[in-house]
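Notes to accompany the following structure.
The values are calculated or read from the model by the stated rules, or taken from the named source; none is laboratory data. What you are looking at is a predicted structure, and each value in this text was computed from that prediction instead of being measured. Every residue, glycine as well, gets a Cβ built from its backbone with ideal geometry; the counts of neighbours run over all protein chains shown.
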Amino acid sequence: MRYLPHTPEEISEMLAVVGADSLEALFAPVPADCRPTGSWHLPLPLSEWQLDDHLAGLAATMGTGPRTRVLVGAGSYRHHIPETVRTLASRSEFLTAYTPYQPEISQGTLQGIFEYQTLTARLLGMDVVNASMYDGATALAEALLMGLRINRKRTRVAVSRAVHPNYRAVVESYLRPTGFTVEDLEFGPDGRTDVSALSGRDDLAAVALQSPNFFGVIEDLDAANAAIHATGSLAVAAFTEPLAFGLLKNPGVCGADIACGEGQSFGIAPSFGGPGLGMFGCRKEHMRSLPGRLVGETRDLEGRRGYVLTLATREQHIRREKATSNICSNQGLCALTAAMYLASLGGTGLRRLARLNHDKAHYLRQVLVDAGARLPFTGPVFNEFVAEFPHDFAPVRDRLLARGIVAGLELGAFYPELAGRYLFCVTETIEKKDMDAVAAEVRA
Amino acid sequence: MKELDELHLPDDIRYTDEHEWARITGDIARIGVSDYAQDQLGDIVFVELPAVGDTIARGEVFGTLESVKAVSELYLPLSGEVVAVNTALTDAPELINQDPYAAWIIEVRPTDAGEYDQLLTAAAYLDLLRG
Amino acid sequence: MNEQPGASGLILNEPLLWERGSKGRTGMSIPASDVPAADIDPALVGAEVDFPDLSEVDVVRHYTRLSQWNYSVDSGLYPLGSCTMKYNPRTNERQAATPALAAAHPMLADELGQGALRLLFELQGMLARITGLDAVSLQPAAGAHGELTGMLIFHACHRHRGSQRHKILIPDTAHGTNPASAALCGFRAVAVPSDERGMLDPATVAALMDEDTAGIMVTNPNTLGLFEERIREVADVVHARGGLVYGDGANMNAVLGVMDARRCGIDVLHLNLHKTFATPHGGGGPGAGPVCVTRELEPFLPVPRVVRVGDSFRLDADRPLSVGRIHAFHGNFGVLVRAYSYILTMGETGLRRASELAVLNANYLKERLKSVLHLPYDRPCMHECVFSDEKQQAHKITTLDMAKRLIDYGFHPPTIYFPLVVHGAMMIEPTETECKADLDQFVAALTAIAREAETEPELLRQAPQRARVRRLDEVQAARNPCLVGPSAGR
C-alpha cells in the first residue's frame, strides 16, 4: 500500500526494540469487550485508476456540470476561478501545513492570512477581521452570540426574515439550548426589512439584516443601522455575495458593528455547498469579544517583520469554557484562496467585475419583464432578483433545463407566501445569448 | 522565574492566597498583585478592569490579567465599591511586571475594614509560597 | 548535523500584497460586457475598495515565495501530537476537483444531485460501520463543530426525556474545545481528575455523576496517548444515572479496527476527517467533524438527512426531534469527497494496518527517546507519546527551547505544553506514513539536542538560527495588536 512505507523487516526490527511479539500485541491494553466483532464490509481497496473511474461514474449521474448555465445564487455563486488561484492554493506547502502554531516555519500561511484579514477588512469596512469561520451561517450565529456577550444584560436578538433561510435555521439551532430568544423582523413589498418594529425597543442585544438579502434586494443599511442603534442594540450586517461590496457601500460605512457572511464567491468552487468561507469582522472596540483566530504583525529578535497568531487568550485552548467560541480548525485554506482571488482581481478589477454582475442581472431582469414577467419586489438589486410569471413557469424551467440552463430557484419551499416566484442570479459566467434564450422560452 | 528568596514582598501591606495585595490609606484600599504573581504570569499583555461604581464582594472576580499564553482571574480581597481603576494599565500593562506594588490595579472603599486584618502578612504569605 | 534535513539555503523575501503592484494592472481575465450598463442609485454606490492592482505574474511570484516559507507534511516529519499529520494523498485532490462535483450547487432539486448525494450516503454508511455506531451526520465542518452538535444532541435528548440537566463531566486531560463546546450549549463543565496512571477511574466519575449531569465527554485514546481501559465501566456509571457518553474521536487513528465505539458505551462520537482520514489541514482548515450516534439518538441528528429511497438518494428534513441545521448546506463537501476517496483506497485492511503502524511508530519513538527525555507514563502508548522537560530543567532548558532547536535540524516540533497535566509536555505523534529511517533521524536529532542542552545550552536558547524569522515577539503582538495592514481610511 503506497501510503504505508514499512517493510516486513522494518516491522520486525521495530517490534524488537519495542519488546512486542507482534503488531497485535501492541493493542493488549484494549479489552476484548471494546473491540469490533466482525468485518466492516467495506468495498475492496481501489487502485488509483479504479478510484478515478468510480468518481467519474458518480459525476456522470449529476444533472448539472461545469458547462451548465446556472442562474441560481441563494448563497452559492458560480464565478470564474482563474487557474492561477487553483494552482497556487494547491501548493503542498499551503495545503499540507497545519495551523501556524510554530510561526518561524509557517510565515507563508501567516502572512497569507494577514493579507486576507486586511483585504476583507477593507472590503467590509471593518477594523478587525478574523482568520475565518466555517461558513456564512455559523458566522451569523456566532455574531449574534457575540452581541449577546457584549450586551450582557439583554437576552433577545432579532433577525430579518429576508436573511437566507438556512442561515436563520442555523441561528435557531445554536440559540435553542441557551435560553436566548430569536425573533423575526418582517420584510415589506419593496423586499427590504421593515425596521419600524424596532422603534421603542430596549431589550434586544443585536439585530441582523442581510444585504443584498436573500431576495437579492439591497437593504437601506444606513437607515436600518440607525434604527438599530437607537434601541441600544448591536447592528449585525450579514451577506452571502460579498462581490456586491465591489460596487455598493460596505457594511462598515453604513454603520454596522459586526459584518459576517459567506466568502465562497472569491475563488472557491461551489462544491455542493462546502467548504465555504465564513467571513467575520467587527469594529475595534469589540476586538476582544471576537471569535476565531487572529494573525497579527510583529518583529522578531533581529527586527525583521513577521506574523504570529495573537490574542489567543480569547480562544478555547486557553480560555476553555469562557472562550469567545469553541472554534479550533477553521476554513484557513479557503481564506487564503479568497485572498489569492482578490489579489488577482485587484481594486480596479473588483469594481469592473461587480459592475458586470450588476449590469448582467439587470439585463436578464429587463428581458424577462419585456417577456411578461412581474417583479414582486420594488427594491434595488445587485446580481439576484425575484420574478414571477403570468403562466406556470415550471414547464418552461424544465425545457430550459433540458437545454442546459437552470432557470431560477422556486421560493415556495422557503417562503409559502412566495410560492410560484423564482429567485434568479446572473454572474459574469452568463452570456447575453443565454439570457435571451430564457426570455424567448418565457415568451413562447 | 524568581526563586522565593528573590521575591520582593513589602511588609507594610497584606496578601491573599490568590496572590493579590491590599494597602489601606484612610477609607480607601488599593489592590494589586504580588511579585510572585507577576513573575509566574510573565509578560502581561492586557488587564481587564471593572467599572468604577461596581460593588464587588470579597472573593469575587474583579478583573483578569492576560499574558500571551494564560489568563489569570483577580479575586477581590476586601468587599467594597470600586472608586478608581488604574487606567495607565490599559496602554501599559507591563507596568505591573516592572513594579507590581506601584502599579496598583483598582481602589475600593471597603464595606468592612475588619476584613483587612484577616489577610495574610508578608511573613504568612511567604510561608504559604514555601509550603 | 550534516545527516539531518535542516540546511541553510536561499529563501526569498516577499513584501505584502499592497506593497506590490501598480494601479491599472490586472491578474484576472474579466469578460467584456455584452449587455447595456444598468443605472444604479448613486446613494447605494460605495468608494472604490483599496485593493492593490497586481499582474498575474505578481500574484504567482507572491504566493510561490510565501509557500516556500512554510514547513508542511510534504516537506518532512510533522510529529504534532493529537493532530495526526499523516500524508495527504494527492489523488484525493483530483477526486475533489471532479468537475461536476466541484461545480454543483447545493440547493437544486435532489434529482440533479444524485452523484453527490450517493457519495454522502455511502460515506455515512462507511463511517458508521468503522465506528460501530448506527447513524451519521456529515454536516459538522470541524471537530469542534461536531462536539457542539453532540452537545446539542445531549440537550435535545434530555429535554425530550423531560429532564433538563445542567452539567457535563470533562476529564482534566481534555482538549480545550470540549469545555468550550459544552459551554456553548449552556452546560457547566465539571472537571474529572485523572488517576495516577493518567486515566479515568470509574469511582471518581461515580462520585461526580448525578441526575443534574447530562453526561461525560471522553477522549479515547486520551490526550496522553493511553487507551481508557475502564471506559465501559465509566459509561455504565454515567448511563445508570440517565446520562449520555460523548466520545471525542480525535485520536481515532490509534484504534481503527480495534475500538468499537458502541461497545465502549459511547452514544455520540465525532471523527476528525482531517486527522484520521487524511484530508489536508490547509494551514488551519477546512476539516470535517462528522458525528456518529446510536440508533436511539438518530432522531436528534441535524437535518437534512441524506437517505436512500429505492434506487435514488434524497434530502429529508422531516425529523421533528432533530437539533436542526448546523451548516448552511451539507457540510464541507469537498473535504468529504477526499475522505471518501481515502477510505475507498485503503479498504478495511489498509485502515486497520494504518492504526497498527501508527501505534508501532509511536511506541518505537517512545522506547528510543525515553533515555533522552523524561517519560512521565512509562507504559505502552497508543499512537502518541508524551514526554516532559524534567531532565533538561537542571540546565535551565525548557520544552520550548528544545522545540525551537528542532526547527534548525529540519523538523516541525511536536505539540508542546499540552496536555496541561504534564509539566513542559512534548506530545509526539509520528503517524503511520513515516518510515523507520525518518524516525531514526528524528531520534538522532533529539538526542543531539539533549546533549546540546547540557554542553551548549545557548544554541537552544538562540534557536531557531536557520529559520527565516527567529523568536517573534508575541508579547508585542498581544499588547499592541496590529491585525490589518495600514488603513487607507474607510
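In table form, for the structure just shown:
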{"item": "Candidate set from region C:79-104 (those that are more than 7 Å from every other protein chain (Cβ to nearest Cβ) and outside any helix (DSSP H, G or I)); member that is surrounded by the fewest Cβ atoms within 10 Å (Cβ to Cβ)", "result": "C:A97"}
{"item": "Total residues in region C:149-190, condition over 26 Å from the mean Cα position of the chain (by Cα) and more than 25 Å from C:L138 (Cβ to Cβ)", "result": "6"}
{"item": "Whichever residue in region C:169-198 is of a type in the set (S, T, N, Q) and over 19 Å from C:R159 (Cβ atoms) and, among such residues, is nearest to the other protein chains (Cβ to nearest Cβ)", "result": "C:T177"}
{"item": "Region A:64-77, subset more than 7 Å from chain C (Cβ to nearest Cβ) and in contact with a Cys (Cβ under 8 Å, 6 or more places away or on another chain), residue surrounded by the most Cβ atoms within 10 Å (Cβ to Cβ)", "result": "A:G73"}
{"item": "Region A:7-27, residues that are within 7 Å of another protein chain (Cβ to nearest Cβ) and assigned to a loop (DSSP other than H, G, I, E, B)", "result": "A:L23"}
{"item": "Neighbours by Cβ (under 6 Å, 6+ apart or cross-chain): first from region C:82-102, at positive phi and modelled with pLDDT under 95; second surrounded by fewer than 19 Cβ atoms within 10 Å (Cβ to Cβ) and not in a loop (DSSP other than H, G, I, E, B)", "result": "none"}
{"item": "Test result for C:T173, touching a residue at least 60 places away in the same chain (Cβ under 8 Å), part of a loop (DSSP other than H, G, I, E, B) and crowded, with 22+ Cβ neighbours inside 10 Å", "result": "yes"}
{"item": "Residues (at the interface with chain C (Cβ under 9 Å from one of its Cβ atoms), surrounded by fewer than 24 Cβ atoms within 10 Å (Cβ to Cβ) and not in a loop (DSSP other than H, G, I, E, B)) located in region A:250-287", "result": "A:M287"}
{"item": "Which numbered condition A:G179 fails, given (1) out of contact with any helix residue (DSSP H, G or I) (no Cβ under 7 Å at 6 or more places or on another chain); (2) modelled with pLDDT of 95 or more; (3) not basic (K, R)", "result": "(2)"}
{"item": "Scan of region B:24-35 for residues that are of a type outside the set (A, V, I, L, M, F, W, C) and at pLDDT 95 or above, ordered by number", "result": "B:R30, B:G32, B:S34, B:D35"}
{"item": "Residue within region A:87-101 that is surrounded by fewer than 20 Cβ atoms within 10 Å (Cβ to Cβ) and modelled with pLDDT under 95 present", "result": "yes"}
{"item": "Selected residue [more than 7 Å from every other protein chain (Cβ to nearest Cβ) and either part of a helix (DSSP H, G or I) or surrounded by fewer than 23 Cβ atoms within 10 Å (Cβ to Cβ) (or both)] from C:L344, C:L321, C:L357", "result": "C:L321"}
{"item": "Given (1) in contact with a Ser or Thr (Cβ under 6 Å, 6 or more places away or on another chain); (2) without any contact (Cβ under 8 Å) to a residue 60 or more places away in the chain; (3) among the basic types (K, R), number of the condition C:R319 does not satisfy", "result": "(1)"}
{"item": "Complete set of residues in region C:148-163 that are polar (S, T, N, Q) and either part of a helix (DSSP H, G or I) or at the interface with chain A (Cβ under 10 Å from one of its Cβ atoms) (or both)", "result": "C:T149"}
{"item": "Failed criterion for A:A339 (all others in (1) over 29 Å from A:F94 (Cα atoms); (2) at the interface with chain C (Cβ under 8 Å from one of its Cβ atoms) hold)", "result": "(1)"}
{"item": "Helices (runs of 4 or more DSSP H) wholly inside region A:100-182 that include at least 1 residues being under 26 Å from A:G347 (Cα atoms), hydroxyl-bearing (S, T, Y) and at the interface with chain C (Cβ under 8 Å from one of its Cβ atoms)", "result": "A:107-124"}
{"item": "Every residue from region B:67-101 that is under 16 Å from B:D35 (Cα atoms), over 11 Å from the mean Cα position of the chain (by Cα) and outside any strand (DSSP E or B)", "result": "B:P93, B:E94, B:L95, B:N97, B:Q98, B:D99"}
{"item": "B:T16 buried (at least 21 other Cβ atoms within 10 Å of the Cβ), within 12 Å of the chain's Cα centre (by Cα) and among the β-branched types (V, I, T)", "result": "yes"}
{"item": "Subset tally (residues that are crowded, with 24+ Cβ neighbours inside 10 Å and either at positive phi or in contact with a Gly (Cβ under 8 Å, 6 or more places away or on another chain) (or both)) for region C:177-216", "result": "6"}
{"item": "Single residue of region A:38-63 satisfying the filter (more than 7 Å from every other protein chain (Cβ to nearest Cβ) and assigned to a loop (DSSP other than H, G, I, E, B)) that is nearest to C:A100 (Cα to Cα)", "result": "A:S47"}
